[in-house]
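Peer 1: I am attaching a structure below and will ask some questions about it afterwards.
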Amino acid sequence: MPGHNTAFELGQHQEGVEFDGRFLSFWSGVPTAAVEGFGKGALAVDTTNGKLYINTDSTITATWTLVGP
């Protein structure tokens, strides 16, 4: 995604790229499926537990899958 140089920009809807929705979010705990707008492949950082999650579903129904142990 050319032109993005801050985490804030990656948390916004991505326009002009081949990605649907927002790409990056930060959580204090495990992310929930109740939040819409994060595209398939989006990343969620759990800042409380130091874990990384990836959305394996869609912008409408997020399924956050833990990356790594």
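The values are calculated or read from the model by the stated rules, or taken from the named source; none is laboratory data. On a predicted model such as this, the values are computed, not experimentally measured, just so you know. Counting neighbours? That spans all protein chains shown, and the Cβs are built from the backbone with ideal geometry, glycine included.
Peer 1: Return the residues of the range 10-69 that are of a type in the set (S, T, N, Q), more than 8 Å from the chain's Cα centre (by Cα) and modelled with pLDDT under 90; say none if nothing qualifies.
Peer 2: Passing the criteria: Gln12, Gln14, Thr32, Ser58, Thr59, Thr61.
Peer 1: Between Pro69, Pro31, which is outside any strand (DSSP E or B), free of Cβ contacts under 8 Å to residues at least 12 places away in the same chain and on the phi < 0 side of the Ramachandran plot?
Peer 2: It is Pro69.
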